[in-house]
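Engineer: One structure follows; several queries about it will come next.
The numbers here are math on the coordinates, done by the rules we state, and not lab data. From a predicted model like this one, the values you see are computed outputs, not experimental measurements.
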Amino acid sequence: MSEGPHLLNQNFNCVCVCVCVCVRIKELCQQFPHGITDQVIQNDMPHLEPQQRAMAINKLLSLGQLDLLRNSSGLLYRMKDIQSTSKMKGSDNQEKLVYQIIEDAGNKGIWSRDIRFKSNLPLTEINKILKSLESKKLIKAVKSVAASKKKVYMLYNLQPDRSVTGGAWYSDQDFESEFVEVLNQQCFKFLQSKAEAARDSKQSPMVQRNSSFATSHEVWKYICELGISKVDLSMDDIETILNTLIYDGKVEMTVIAAKEGTVGSVDGQMKLYRGVNPVIQPTGLVRTPCGLCPVTHTHTHTHTHTHTHCVRGCPCLTSCFLSSGV
């Protein structure tokens, strides 16, 4: 008779511990939204018994509050998205599996072939599931510039990565060579006007040279104020254009130290650009894009790979290849 209250009290304590551990695990999952491992839980609660940890995790899994994933380092626990969980209500396990695979791919998306490989489902079943998820607006198909005839799938509310859309230089999978050329001309025009204003100042040569430089932020602001772009251009986009001008020998760049928080600075450094006039015109071979490419040594010598890689990675080369019909 005396053991009854003792067992009841012991069970009550176990339930209390389980509830507290569940609360802490959910807090950890919110702190690390990409997921936590058993090791993270052990480090946070070193005195917790393995059985108590397993009980709490199983409780959260049974309540549908945790997702159980697997990565290279082992099992991973992640909080379930309440919105997607409600939308997935009524879906079978195969549909949930495909959704999870697409979610893990992030904003770079995943091809149906890779979904098939990871899920071990037949292609006909995968196509059926993809159509179902698209109709529920849980996922969307996005055309990739890497393969115009193929689509990648990602969650409906994600903004595709630049590697998928091609960034500002692509529109409906087509490279905007004219747009790149206009930006090229306007950036150079701005730097030329800056250099001319410095020369007209009649100051010492060193002062003239220093005042002829412009930051990429200044060039970016000038382009934005012109209103010639239908898409929002970033500083990186403008620096890509400025790099093509450097390869053409029209612009030179220098890097200076800058105070933290200075507009246009990155990691305590700032890039400055100035327009230059070459003393002599370079030969035709040197003026070709490949003659100036700083990463040409990383390309293979196969015709297909080199052209494909360059066209997607270098606006200068893309213009060249498109005009030649390659």
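Engineer: Need the list of lysines near LYS202 for cross-linking: C-alpha distance under 28 angstrom, and skip anything on the same chain fewer than eight residues off.
Structural biologist: Partners within reach: LYS189, LYS194, LYS221, LYS250, LYS271.
Engineer: For LEU76, which sequence-distant residues (separation of 5 or more, or a different chain) have an amide H within less than 5 Å of its own amide H, given hydrogens modelled in the peptide plane?
Structural biologist: Placed amide hydrogens put LEU69, ARG70, ASN71 under 5 Å from LEU76.
Engineer: Give the long-range amide H neighbours of VAL251: residues separated by 5 or more places, or on another chain, with amide H under 5 Å away, using H modelled in the peptide plane at 1.01 Å from N.
Structural biologist: ILE246, VAL276
Engineer: Continuing with the same structure: Using amide H atoms built in the peptide plane, which far-off residues or other-chain residues are under 5 Å from ALA258 H to H?
Structural biologist: GLN269, MET270
Engineer: Between CYS20 and SER229, what length in nm is gained on full extension when 0.36 nm per residue of separation is reduced by their alpha carbon distance? Don't skip to the answer; put the middle values down first.
Structural biologist: Details: separation 209, 0.36 × 209 = 75.24 nm, distance 5.46 nm.
Full extension from CYS20 to SER229 adds 69.8 nm.
Engineer: For the pairs LYS108/LYS151; LYS96/LYS140; LYS80/LYS128; LYS108/LYS136, note any where the Cα-Cα span goes beyond 19 Å.
Structural biologist: Numbers: LYS108/LYS151 11 Å; LYS96/LYS140 16 Å; LYS80/LYS128 24 Å; LYS108/LYS136 21 Å.
Over 19 Å Cα-Cα: LYS80/LYS128; LYS108/LYS136.
Engineer: With θ set to phi - 60°, apply the Karplus curve 6.51 cos²θ - 1.76 cosθ + 1.60 along segment 22-31 and write out the HN-Hα couplings as whole Hz, x wherever there is a Gly or Pro.
Structural biologist: 4, 4, 5, 5, 5, 5, 5, 5, 6, 6
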